[in-house]
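Here is the structure we will look at.
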Amino acid sequence: MKPWTPAPHLALMLSAQAEALGADYLKLIYADGVFQGVRPISAEQLMRGERGYALTPSAYGGEWSLTLGASAQQKELADKVHLTFVGNTVALTESGATIGKLMARLSSAAASSCFRVGSERLPALKSWVENSVRSGARADLNTERSFGPLRVQLLTHHGGGGAEAAQDLAEVDVLMSRTGQPGIGA
């Protein structure tokens, strides 16, 4: 079996972003094989100092995106990571467990590569994100937890019911931020 290698345009983009915020994190996203590329989100849709990416291809009945906020102390690290899944309510209720697992992997990778959170905290983070997404697959949820200096907020939102309920949008957001300087402290 041939090892996975990025498409030529992806390799060029990754090399051009080698010095950019979150380049190591983007490589980790591609490594699990679900997403194979990114499409930059326009600056008009972002806050100053943020970089945003739509992850491609869409997966599990929805669109995925990532927003990174630059750290004031170290530009190669992030002080904010925002992961988003937007699909319809049916996709979220039927694939909630799978979406939770993928969101947990993305969150864990962000914690280690963007925030330099120690590996001893990652299993608890992954478990909490996965279980929270699963819990929020059928009803709105707003919860948060700290893993040392890392603060994680998880939100799920389902559109209103009605005749077109299957077409209502559902959204899962994982917002991660860190206090103190990444890589320093417990």
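Using the structure shown, decide if Ser108 is at pLDDT 90 or above and buried (at least 20 other Cβ atoms within 10 Å of the Cβ).
yes
Condition first: surrounded by 14 or more Cβ atoms within 10 Å (Cβ to Cβ), at pLDDT below 75 and touching a Lys or Arg at 6+ places or on another chain (Cβ under 7 Å). Can you find one or more residues in segment 39-57 that meet it?
no
Mind checking which residues of segment 110-161 are touching a residue at least 24 places away in the same chain (Cβ under 8 Å), touching a Phe, Trp or Tyr at 6+ places or on another chain (Cβ under 9 Å) and either part of a helix (DSSP H, G or I) or not β-branched (Val, Ile, Thr) (or both)?
The answer is Ala110, Ala111, Ser113, Cys114, Arg121, Leu125, Trp128, Val133, Phe147, Pro149, Leu150, Leu154.
Output the residues belonging to segment 41-58 that are in a strand (DSSP E or B) and basic (Lys, Arg).
Arg51
Could you grab me the full set of residues in segment 137-147 that are farther than 20 Å from Val34 by Cβ and crowded, with 18+ Cβ neighbours inside 10 Å?
Residue satisfying the conditions is Phe147 alone.
The values are calculated or read from the model by the stated rules, or taken from the named source; none is laboratory data. The shown structure was predicted, so the numbers you read here are calculated from the model rather than taken from an experiment. Here Cβ is always computed from backbone atoms with ideal geometry, including for glycine, and neighbour counts include all displayed protein chains.
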